[in-house]
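Structure, as structure tokens:
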């Protein structure tokens with residue numbers, strides 16, 4: 001038998017069940033926490049951190065070391081050895097105890113002079129000879145460099161200019177007592193090659209003293225020279241013999 005109140009209650013219960021079920025299905029707690037892919041909100045900091053790329057030191061160097069890139073310290077420079085061969089001469093040192101005493105410089109008075117011609121080397125307007133210095137004293141003496149030399153006439157007057165030096169190397173030589181010998185090579189040119197008036201010497205006088213103020217060491221020798229002050233002679237440095 002139709003009972004309207006009972007029917008209405010049943011229909012109402014069915015509708016509510018359908019409505020409540022649909023509402024429950026539409027509310028998903030997991031889905032409610034999801035964000036659209038297009039969201040611009042910041043990521044949750046509670047999640048795992050992203051790995052950032054390491055800075056390139058070349059970029060940091062190009063930027064002058066600015067920013068978070070660390071500056072790379074340059075390796076220290078190593079000095080190159082001085083080239084071989086680019087070292088300073090040793091400084092002079094005072095004589096040490098036990099060193100031999102230095103040999104004094106020769107004085108004109110200790111020496112004699114001889115002239116020894118070298119015809120095998122002469123010719124074609126020039127001549128060569130050896131000037132032989134001998135130590136006739138009782139003491140050793142030394143000399144380094146070139147002797148002075150002038151030609152003299154019979155009255156002792158100078159002929160031509162003083163001899164020039166020839167060569168650019170020298171050494172210290174020791175003339176031992178009682179006959180030690182050293183030689184200087186003499187090179188002469190005939191006066192005609194210089195266009196000067198010609199004369200002939202009677203004496204050659206050499207000087208060993210550094211200031212040329214000594215008496216000199218003389219040898220009688222006739223050689224062609226200029227009568228004026230033109231120098232036609234040259235001498236080499238003393239060498240030991």
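The values are calculated or read from the model by the stated rules, or taken from the named source; none is laboratory data. A quick note: this is a predicted structure, and the numbers were derived from the prediction, not measured. As a convention, Cβ positions derive from the backbone with ideal geometry for all residues, glycine included, and neighbour counts pool all protein chains shown.
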Scanning segment 211-233 for residues that are more than 42 Å from the chain's Cα centre (by Cα) and assigned to a strand (DSSP E or B), the one farthest from residue 130 (Cα to Cα) turns out to be 226
Reported set for segment 191-241 where residues are free of Cβ contacts under 8 Å to residues at least 12 places away in the same chain and more than 15 Å from residue 162 (Cα to Cα) is 195
Of the residues in segment 190-210 that are part of a strand (DSSP E or B) and at pLDDT 95 or above, the one that is farthest from residue 142 (Cα to Cα) is 198
Exercise for review: Take residue 208 and decide whether it is closer than 17 Å to residue 132 by Cβ, under 40 Å from the mean Cα position of the chain (by Cα) and surrounded by 18 or more Cβ atoms within 10 Å (Cβ to Cβ).
Suggested key: yes
Of those in segment 114-127 that are within 24 Å of residue 192 (Cβ to Cβ) and touching a strand residue (DSSP E or B) at 6+ places or on another chain (Cβ under 6 Å), the residue surrounded by the most Cβ atoms within 10 Å (Cβ to Cβ) is 127
Going through segment 148-194 in order, the residues found to be farther than 20 Å from residue 238 by Cα, in contact with a strand residue (DSSP E or B) (Cβ under 9 Å, 6 or more places away or on another chain) and exposed (fewer than 13 other Cβ atoms within 10 Å of the Cβ) are 154, 156, 192, 193
Going through segment 107-147 in order, the residues found to be farther than 20 Å from residue 241 by Cβ, part of a strand (DSSP E or B) and in contact (Cβ under 8 Å) with a residue 40 or more places away in the chain are 126, 127
